[in-house]
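Please read the structure below before turning to the comments.
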Amino acid sequence: MSVTTPVPRPVVTRAVLRRGLKVVWSGIRTEPRPFAVAVVGSLLWAAATVASAGAIGWLTDHVIEPAVRTKSVSATGLWTIFGILFAILLVNVIGVILRRVWATIAGFNLQARYRRGVTRQYLRLPLSWHHAHPSGQLLSNAHADIEATWQVFNPLPMAIGVIFMLVIAGAMMIVVDPLLALIGMLVFPGLFVANLVFQRFMAPRITHAQQLRAEVAQVAHESFEAGLVVKAMGREDEEADRFRKVTFDLRDSLILVGRTRGMFEPVIEMIPTLGTLAVLGVGTWQVARGELDAAQVIQMAYLFSLLSFPVRALGWVLAELPRSVVGYDRVQHVLRAEVSMGYGEAEFSGDPGPATSTLDAVTYTHAGEESPAIHEVDLFVEAGSTTALVGPTGSGKSTLTNLALRLVDPDSGLVLLDGVDVREVARGEIATVATLVAQSTFMFDDSVRGNVTLGEDADDESVWDALRIAQAQEFVREMPKGLDTVIGERGGNLSGGQRQRVALARAIWRRPRLLVLDDATSAVDPSVEQAILAGLREASDGMTVLVVAYRMATITLADEVVYLEHGRVVDRGPHRELLGRCVGYSDLVNAYAREAADRAAVEGSQEEAP
């Protein structure tokens, strides 16, 4: 089970508001046009909303009140009411459409931009960085954290319109009656204080919930990845309990967020309503004294009733800012990660011949380890040769293959491919020359052809030729649609040995000048393995092969064997020479031979049994 790597957490203080506003400003600078259109729409909506209150007051004074006094309504009066309110409604609708559509565009553009940026960064970062970060956390960074960062753009244009609306409304109230305006203005400090308190309580709860989302994603991803282990080991109940714990923690955290929101939102909604009641009470008293008329009081009360809902947008923005800060910090943890792998501009020549691979005094230590996995290794793989890396478990064989293909960089020493320092090679250039086939193969939910060519243009003849060398052509021909047969997610419709052979065909199809096999035939039968190796030797005129070997069939076919112990090259040479002079190599290879003999004896007895 993996452990979540800690990510910087924002301190819940006044700094959250400042940092949240910085995040918002960075988003505005990134998507200025859609955000500007959304703000224009919000200003239209705000102006129309305030204008509706003025229109109600004017219509009450000039149309409705005279009609009540005369007990008759003229057609002109009705058309006046309809025309004014319809015009205001039309502007309001246009403003709302512009605000919502373009705010959504701005928010999703930002999410798409940052998802692409995070994904590109994942591809740039070396394997050593990925090994230190659980895949569940990386999935959360690319999805939930980015979504949380820019969710604030949904209510933000409305909040800006509300501020504009409050300024206009305040000026209008002062013109109508300074006393009522003063009473009404008391509402806004109350709203501001309530929102600040709301933010202070909500911020830590939302921060905790956001981190729990990442943990749920991580556990879920591990459960999917380890499905075979869970089933084979009968750990379904334990895995369900593990997932239940993190999901219940997230549930409890979100319930706490909901309770906090449920406590504060009625208070925030109540404050404008109290302001409306106060305006009605004082306004009625002033009407009775003859200092105001009814239309002015109705205008003020209606204005407050209109403001009660939009003002909540300020609270929504303040509530989203802590989530934005948390999500932004988690995303920036990825985007600002140092890309230790620099690239040069060197390119390999178009020489179709086999390549050489050289390691010169190479030392490499895995992250978090003290002892080097590879210590001052010198290795030269001759062009066109087949070199076998042999050694006990943990001797550094797989690490050597990763270094040869520059999946990781050494702590010291040089790695050369065809005489060129791999650190000076242009990005993507190594993949045009060298290919790795690992023991654990990955298959896409695609056809056999798609898994071999990975979407590149190819004629069927070249695909079948690669499958033939990998000893995969027979079972592929027996599939319902041949090359077009979809093999399922992770190659679920294939056996382990079949997946390895398709992965080997994927590498062979590219005709690499250097083919690296990291125990890539461990799941196939020994007879099939011998046929594969024989096919590789036939095709090796333009190919150098570096293979991590455990079976005698592989070792004996190699031109040279390199024996490693504890990250060092102990001896190297032809197989027969090493048997005679290297005790460790002899013991290990004889153990391989005994294991193969015992397996053959068991298989023979099973065949003879009636």
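Things to note:
- Selection over segment 580-589 of residues that are open to solvent by 60 Å² or more (accessible area, probe 1.4 Å) and either in contact with a Gly (Cβ under 6 Å, 6 or more places away or on another chain) or within 17 Å of R551 (Cα to Cα) (or both) gives a count of 1.
- Condition check for R572: under 18 Å from T358 (Cβ atoms), open to solvent by 40 Å² or more (accessible area, probe 1.4 Å), over 38 Å from the mean Cα position of the chain (by Cα) and not acidic (D, E): yes
- Residues being under 30 Å from E560 (Cα atoms), touching a residue at least 40 places away in the same chain (Cβ under 8 Å), assigned to a helix (DSSP H, G or I) and open to solvent by less than 40 Å² (accessible area, probe 1.4 Å) are represented in segment 443-457 by at least one member.
- Evaluated against (1) out of contact with any Lys or Arg (no Cβ under 7 Å at 6 or more places or on another chain); (2) over 30 Å from I206 (Cα atoms); (3) among the β-branched types (V, I, T); (4) crowded, with 19+ Cβ neighbours inside 10 Å, V334 falls short on exactly one condition, (2).
- Taking the criterion of being open to solvent by 20 Å² or more (accessible area, probe 1.4 Å) and over 18 Å from A36 (Cβ atoms), the residues of segment 158-176 that qualify are L166, V167, I168, A171, M172, I174, V175, V176.
- All conditions in (1) open to solvent by less than 40 Å² (accessible area, probe 1.4 Å); (2) assigned to a loop (DSSP other than H, G, I, E, B); (3) within 23 Å of P574 (Cα to Cα) hold for A383, with the sole exception of (1).
- Boolean, L483 is in contact with a Ser or Thr (Cβ under 9 Å, 6 or more places away or on another chain) and either part of a strand (DSSP E or B) or of a type in the set (D, E, K, R) (or both): no
- Residues of segment 114-147 that are modelled with pLDDT of 80 or more, surrounded by 15 or more Cβ atoms within 10 Å (Cβ to Cβ) and either closer than 16 Å to R336 by Cβ or in contact with a Leu (Cβ under 6 Å, 6 or more places away or on another chain) (or both): Y114, G117, V118, Q121, Y122, L125, L138, N141, A142, D145, I146.
- Scanning segment 409-435 for residues that are among the β-branched types (V, I, T), in contact with a helix residue (DSSP H, G or I) (Cβ under 7 Å, 6 or more places away or on another chain) and open to solvent by less than 10 Å² (accessible area, probe 1.4 Å) turns up V415, V422.
- The residues on offer are V216, V167, and the sole one that is within 30 Å of G54 (Cβ to Cβ) and assigned to a helix (DSSP H, G or I) is V167.
- Among residues of segment 484-503 that are farther than 18 Å from V524 by Cβ, those with a Cβ under 6 angstrom from a residue that is of a type in the set (D, E, K, R) and open to solvent by 60 Å² or more (accessible area, probe 1.4 Å), sequence gap 6+ or separate chain, pair up as E489/D445.
- The residues of segment 419-442 that are closer than 30 Å to E345 by Cα, in a loop (DSSP other than H, G, I, E, B) and of a type outside the set (D, E), listed by number, are G419, A426, R427, G428, V433, A438.
- Some residue of segment 43-64 being buried (at least 16 other Cβ atoms within 10 Å of the Cβ), aliphatic (A, V, I, L, M) and free of Cβ contacts under 8 Å to residues at least 24 places away in the same chain: yes
- Leading residue by the ranking (modelled with the highest pLDDT) among those in segment 491-508 that are open to solvent by 40 Å² or more (accessible area, probe 1.4 Å) and touching a Ser or Thr at 6+ places or on another chain (Cβ under 9 Å): R506
The values are calculated or read from the model by the stated rules, or taken from the named source; none is laboratory data. This structure is a prediction, so every number in the text was calculated from the model and none was measured. Cβ sites come from the backbone with ideal geometry, for glycine too, and all protein chains shown count toward neighbours. We work out accessible area using only protein heavy atoms, side chains counted, and drop any ligands, DNA or RNA first. Shrake-Rupley method; radii C 1.70, N 1.55, O 1.52, S 1.80 Å.
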